[in-house]
Amino acid sequence: MEKVKEVVALSPVVIFSKSSCCMSHAIMILIRGFGANPAMYELDRLPNGGEMEKALIGLGCNPSVPAVFVGRNFMGGSHDVMSLNIQGKLKPLLIKANAIWI
């Protein structure tokens with residue numbers, strides 16, 4: 001859990017994914033479309049990825065990827081982030097986290 005918190009603290013937007021996850025890629029494209037540059041961590045390519053995945057599951061990520069954090073806050077998975085976008089809430093969260101500027 002501590003390693004996840006450390007990584008999340010390093011960037012305004014963090015996405016935990018797996019290299020084969022198409023939804024992780026879709027979320028990355030969505031967030032980049034606003035002008036943000038999310039930090040991407042592919043769990044299947046990290047030496048401690050399995051440990052991090054267990055920590056994400058402990059936070060309520062099910063499935064474990066994509067797991068999206070904005071401003072150190074857990075936003076959820078792909079469905080949650082897409083819902084925030086449709087409701088018009090994603091962009092203000094990115095602005096508040098200083099991931100993008102208006």
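Read-outs: derived from the displayed coordinates by stated rules, not from any lab. Since we're looking at a predicted model, the values are computed, not measured. So basically every Cβ, Gly included, is an ideal-geometry build from the backbone, and we count neighbours across all protein chains shown.
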Report summary line: Ordered by number, the trypsin sites (Lys or Arg not before Pro) in the chain that occupy a DSSP loop and have at most 15 other Cβ atoms within 10 Å are Arg72, Lys89
Report task. Work through the residues other than Ala55 whose Cβ is under 14 Å from its Cβ and net out their charges, Lys, Arg +1 and Asp, Glu -1. Result -> -1
Query raised in the report: Over the Cα atoms of the chain, Rg to Rh with Kirkwood Rh, two decimal places?
Result: 0.94
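Out of all DSSP beta bridges in the chain, what portion is antiparallel? Express it as a percent rounded to 5.
Bridges in the chain that DSSP calls antiparallel: roughly 65 percent.
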Query raised in the report: Using modelled backbone amide H atoms (1.01 Å from N, in-plane), which distant-in-sequence or interchain residues come within less than 5 Å of Lys18's amide H?
Result: Leu43
Query raised in the report: Roughly speaking, what is the stretch gain from Lys89 to Arg32, that is 0.36 nm per residue apart minus the C-alpha to C-alpha distance, in nm to one decimal?
Result: 19.0 nm
Requested in this report: Give me the net charge of Ile100's neighbourhood, meaning all other residues with Cβ under 12 Å from the Cβ of Ile100; Lys, Arg count +1, Asp, Glu -1.
Outcome: +3
Report summary line: Answer check: the range 40-100, Cα atoms, Kirkwood Rh, Rg/Rh ratio of 1.02
Query raised in the report: Given labels modelled 7 Å from the Cα in the Cβ direction, how far is it in nm from Ile102 to Val7?
Result: 3.2
Requested in this report: Report the chymotrypsin sites (Phe, Trp or Tyr not before Pro) located in the range 45-102 that are in a DSSP loop and have at most 16 other Cβ atoms inside 10 Å of their Cβ, or state none.
Outcome: Trp101
Query raised in the report: What size of dipole, in debye to the nearest 20, comes out for the chain about its Cα centre when the only charges are +1 on Lys and Arg C-beta atoms and -1 on Asp and Glu C-beta atoms?
Result: 300
